[in-house]
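**Student:** Structure in structure tokens, see below.
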Amino acid sequence: MKKQFSEEIERLKKLNQMFLYDTGYKHAENIDEKTDKLLAEFKDIEIPESLDKWFLDYNKKIEKKKRIKRIKKTFVKISKKIAVIFIITSLISSIIMMSVEAIRINFFNMIIDTYQKYSLISHQENIGNNFKSKLPDEWKEYYYPTFIPDNFELITAEEFGNSKYLTFENKLDQYIKIIQSSMNFESQIDTEGATIIEIDLNGNEGMLIEKDNRVILIWNNDERIFRIQSNLDRNTILKIANNLEKK
Amino acid sequence: MIAFLMTIEDEETRSKLEEIYTTYHRDMYITAYSILKDHHESQDIVQEAIIRLSKNLYKISDIKCKKTRAYLVIIVRNLSYNAYNKRKGIVMLENEEINRLPDDEGILIEEYLIKMEKSSEIIKYLKQIHPPYADILTLRYYYELEIKEISILLDITENNVSVRIHRALKSLKAIMEKEGIDYEKTI
């Protein structure tokens, strides 16, 4: 009942609004007719020129304000677009720079992915800093240790593919293996339960892995990847690593 | 860059106020003059109307039509009434502090009265009510302006707008009821 009443009121309101709209329409028509009569009545009245002058000045100011507002709005819009384009361009440039070998930055990225049992060590060559050294008689471009602890003898010097292996041993069953490989070489090292220490060798990043009385030191310089494996202590291994010379 | 941006202006928007002025400045001026009988004051009123209108320009879609012409005349003549009253020291009753009233609630014209109306009779009623009341009803219900918009255009407070609308509705209803009773008596 109450709902019916409020619906009835709502209906009457709408009817009133329609009626008042129509009333307004008629009133506007009345005004139009009345204005025509007024114009006829005051046909001799001249509009002062100062009014036109005022309007022109005022309109100029208004338009100037509008123009500035529009310019600001458009500028903001364009700026946003430029910013987006700039970001996209920067991203594309970065991707291109990273993927084109010729313009790569002069350093090596050693990517170490540690898995549950093995660490995958990847070395990527920086072609821009590749230089040629003098070739030895038997081998081409290799590094040899200028420091080896006493009583160690060179047991083997082998070359497999792009890798050279030097093995030193003493009578106490201690050994030192020095392996040098070209870049783009990957090797797997058992790191399960090992102590891994990141080290710096003459400005080159490296990794020292200690496990079961065995030490493996792996690093690279601009042209080679080195791996020293031994059952000696870590300081001796680091000393050998720091005293490699190129031949 | 700035020069480029300036060329992408919307010419239509730019000239809207100019077109309104060119088309109706005489109507506006004569309307003000017919009330104030003073050139200086009439010019001031037209200027004031233009300033107020420029802030509310989006309400005008079609410039050369009766609706727009009447709209401008309503603004000018109400501003002129204000100036006239000020000059004569007349204080409108609405200027007293009155709590804002709902304009379209409480006063509803009965359905039978609405149904009875003919165009000629509406015009007759409009002529009977105070012109500013008819104007304010027209602004509210025909031009569909908000209370605030009317207040800005006519330079009166929002409270005064509400009071005027309320009184205009009351007045219109009273006239219609009286005419309705007279009409019924003739049957």
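The values are calculated or read from the model by the stated rules, or taken from the named source; none is laboratory data. Computed from a predicted structure; not experimentally measured. Because the Cβ atoms are built from the backbone with ideal geometry, glycine has one as well, and the counts that use them run over all protein chains shown. Ligands, DNA and RNA are stripped out before the accessible areas are found, and what is left, the full protein with its side chains, is counted by its heavy atoms. Shrake-Rupley method; radii C 1.70, N 1.55, O 1.52, S 1.80 Å.
**Student:** Would you tell me the mean number of C-beta atoms belonging to other protein chains that fall within 10 Å of each C-beta in A:67-79, as a whole number? Walk me through the numbers before you get to the answer.
**Tutor:** Working: counts 5, 1, 0, 7, 7, 1, 1, 6, 3, 0, 0, 3, 0.
Neighbouring Cβ atoms belonging to other protein chains average 3 per residue here.
**Student:** Using a 1.4 Å probe on the protein heavy atoms only, what accessible surface does A:ASP200 show? Give it in Å² to the nearest 10.
**Tutor:** My reading of the accessible area for A:ASP200 is about 110 Å².
**Student:** Which entries of B:LYS55/B:LYS173; A:LYS65/B:LYS67; A:LYS14/A:LYS69; A:LYS34/B:LYS59; A:LYS64/B:LYS37; A:LYS34/A:LYS66 have Cα-Cα distances beyond 30 Å here?
**Tutor:** B:LYS55/B:LYS173; A:LYS14/A:LYS69; A:LYS64/B:LYS37; A:LYS34/A:LYS66
**Student:** So for the pair B:ASP155, A:SER6, with labels modelled 7 Å out along Cα→Cβ, what separation do we get in nm?
**Tutor:** Distance between label points: 4.4 nm.
**Student:** Something else about it: What nm value, rounded to one decimal, do you get for the distance between A:LYS64 and B:GLU18 when each label is placed 7 Å out toward the C-beta?
**Tutor:** 1.6
**Student:** Can you pull out the buried accessible area for chains B and A, both sides counted, probe 1.4 Å, rounded to the nearest 100 Å²?
**Tutor:** Interface area, both chains combined: 5200 Å², rounded to the nearest 100.
**Student:** Packing-wise, with mean Cβ within 10 Å as the measure, how do A:145-151, A:84-90, B:79-85, B:144-150 rank, highest first?
**Tutor:** Numbers: A:145-151: 12.9, A:84-90: 10.0, B:79-85: 19.6, B:144-150: 16.9.
Taking the mean over residues of other Cβ atoms within 10 Å, the ranking is B:79-85, B:144-150, A:145-151, A:84-90.
**Student:** Additional query: Can you give the extra length, in nm with one decimal, that the chain gains between A:GLU29 and A:ASP233 once fully stretched, where that is 0.36 nm per residue apart less the Cα-Cα distance? Walk me through the intermediate numbers first.
**Tutor:** Details: separation 204, 0.36 × 204 = 73.44 nm, distance 10.79 nm.
The A:GLU29-A:ASP233 span can extend by a further 62.7 nm.
**Student:** Could you work out how far apart the two model spin labels at A:TRP54 and A:ILE92 are, taking each label as a point 7 Å from the Cα in the direction of the beta carbon, and quote it in nm?
**Tutor:** For A:TRP54 paired with A:ILE92, the spin-label model returns 5.8 nm.
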